[in-house]
Amino acid sequence: MIVSAMMMCMLLIYSFLHLQKRGVRYFAWVMVCRVVFGWSVILELYSNDLASKLFFRQIEQTALAITVPLVVLCVLDLYARDKWLKWYKQFLLLLFFIGWSVLIWTNDKTHLIFETAALVNGYLDVPRTSLAIAFNIFCYFILLTCVYFFIMYLRKARPEVRKPGIIVILLASISAVIEVVKLVFPDLSQWLLPISVYCGVLGIIMLWIIYKNKIFTIVPMARDFIVDTIREGVLTVDQKGTIIDCNIFIQPLFEEKNSKSIIGKDVSEFLKDWPEWLDACNSMVEKSIEVKKEMDGEEKYFMVKVYPLYSKGFRLLGTVSILFDITEKQQRLEEIAHLNFMKDQLFTLVSHDIREPIALQVNLIEMLEEEKQMFSSETAELLDFLSTQIRSTYMTVGNVLEWFRNQKNDVSLNPESLALVDLIYEAYRILSIKSKAKDIDIAIKVDEAIIVYVDREAIVMVIRNILSNAIKFSNRGAMVEVVAEKYHEGKIVITIRDQGIGMSKKLLGQLFTERQVISTIGTEGERGTGLGLQVSCQFAKMSGGDLWIDSVLGKGSAVYLSLREGEKVEGDHHRR
């Protein structure tokens, strides 16, 4: 018996090591009462006189009485019923059982617990009064109710602690069962009294289970506490389509005031307005669905994530749906969509109002350049300067507008079969003054028979941007070479090679980064927006081709543009 009592002490010590854990703080005091009871029984059995045995019996009865409210508090703590755990409510609960303990210790005067006490064959015989029997039945009913709530709590806990937790509860209940047998069969008390101490051997088994499964260190959170705390709606449906669980945050969607009112009903009754959600529940597949519902005169938007539920053997058990309120997010998206629409409308008006006047200026400059020989040298020089500025502005505005238009993701191209050489000369035409100003020779070595399938305006802009950069980063008197050849079946590759300043590997790696615009100054201080190359790359890919660059710092660059090959075009080529 002493060994059994020592085992109970070990469990008591282990409980106090985890005293800060929810539920354990009251369980530890239950173990205190259990240890006091066990040692009192041992001391009673080893006592010889009536007075000593009666003293230890009173300690036993007091320990058992105080155990009851502590077990109740343990249950309330596990279920997080904090409002019932306020100090004055705990005191009132304990006060009732403390009062009963006072009756135990004053029984020699009141005789309310037992009327007589005698030694029979060395064992203490104290027949209980009707009041004591009624009180004991009341206590056992409370303990039985607590065991029920312990088991229900553990059934909703995590699987790894559910089974060992229930085993611990059942082992702890054995001593209470012995006390019930003693109450029903008082003649067996002298035999059952030591057995109640021997049950302490079960303490080491309980300790091993608790330690192995870390029950005290990971006190399981009950499903109700977790599911009702999270702010998202939860709906659990079994494989037959029956709702088996939900929380309070799913109620407004179904216009139900009580979540329990939908449990046990067919899910199709509540999800008929959202067939995609219903289909995911019936098919038991993972899916994300957006639903909306008018609530209190306001349209609400929700994101539903459906997850299949599996058993340990990976058997489908049903689904759990998690409901997120995205109304605020949806409203912001609608505001953004409206702002984007207004921006697009403004962009359409502004792009027309900006591009047309500059294009008109370019045309006027070209007309003046045709009669350039009629002007004085000072006027001709001014005309060249004005031509360079207007053409540069025209290209910059064009690149910026095309870049903005490309960001809208609604750019449509109209490809057709065109002679490549015509497109190159058309792109070069607006740059001729710029190249002559730096004394740069543009050598176009392209076979007139090469046909490409492209959008004229898009590819002219791409080639113009590449040529402009070649001139910009070339030194005065250098040469820019333009060649084209068939790369493989259905593809034409244009190479524009300059003898300019080239680029470092680091700069080359940053050129096509969408979130970073690279703008560098030309050999004679020319500036740009840095958007031309990005726009060119985007249009090249939209045309079914690609754009890439090889460059060596100090030796020049080669820009490669691949395009789709087109069908043969009849007619003459008109070059400038």
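The values are calculated or read from the model by the stated rules, or taken from the named source; none is laboratory data. Model, not experiment: these values are computed from the prediction. Every residue, glycine as well, gets a Cβ built from its backbone with ideal geometry; the counts of neighbours run over all protein chains shown. For accessibility, only protein heavy atoms count, side chains too; no ligands or nucleic acids. Shrake-Rupley method; radii C 1.70, N 1.55, O 1.52, S 1.80 Å.
Numbers below:
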{"item": "Region 258-267: number of residues that are touching a helix residue (DSSP H, G or I) at 6+ places or on another chain (Cβ under 9 Å) and either at pLDDT 90 or above or of a type in the set (Val, Ile, Thr) (or both)", "result": "2"}
{"item": "Search result, residues across region 549-567 that are under 47 Å from the mean Cα position of the chain (by Cα) and part of a strand (DSSP E or B)", "result": "Ile549, Asp550, Ser551, Val552, Ser557, Ala558, Val559, Tyr560, Leu561, Ser562, Leu563, Arg564"}
{"item": "The listed residue being over 49 Å from the mean Cα position of the chain (by Cα), closer than 16 Å to Ser417 by Cα and either of a type outside the set (Val, Ile, Thr) or open to solvent by 10 Å² or more (accessible area, probe 1.4 Å) (or both), out of Asp441, Asp498, Asp447", "result": "Asp447"}
{"item": "When residues of region 284-302 are limited to those that are exposed (fewer than 13 other Cβ atoms within 10 Å of the Cβ) and more than 19 Å from Asn247 (Cβ to Cβ), the one nearest to the chain's Cα centre (by Cα)", "result": "Ser288"}
{"item": "Qualifying residue in region 503-519 (condition: at pLDDT 80 or above and within 20 Å of Ile430 (Cα to Cα))", "result": "no"}
{"item": "Condition broken by Ile250, with the remaining ones in (1) at pLDDT 85 or above; (2) within 17 Å of Tyr307 (Cα to Cα) satisfied", "result": "(1)"}
{"item": "Unique residue being open to solvent by 30 Å² or more (accessible area, probe 1.4 Å), modelled with pLDDT of 85 or more, basic (Lys, Arg) and within 60 Å of the chain's Cα centre (by Cα) when the list is Lys109, Lys156, Lys86", "result": "Lys86"}
{"item": "Residue match in region 536-545 (condition: open to solvent by 30 Å² or more (accessible area, probe 1.4 Å), within 22 Å of Ala419 (Cα to Cα), part of a strand (DSSP E or B) and modelled with pLDDT of 85 or more)", "result": "no"}
{"item": "Per-region count, region 327-383, residues open to solvent by 90 Å² or more (accessible area, probe 1.4 Å), modelled with pLDDT under 70 and among the charged types (D, E, K, R)", "result": "3"}
{"item": "Looking only at region 18-30, and only at residues there that are farther than 18 Å from Ser101 by Cα and assigned to a helix (DSSP H, G or I), the one that is modelled with the lowest pLDDT", "result": "Val24"}
{"item": "Among residues of region 236-245, those that are modelled with pLDDT of 80 or more and either open to solvent by 50 Å² or more (accessible area, probe 1.4 Å) or within 16 Å of Asp325 (Cβ to Cβ) (or both), counted", "result": "2"}
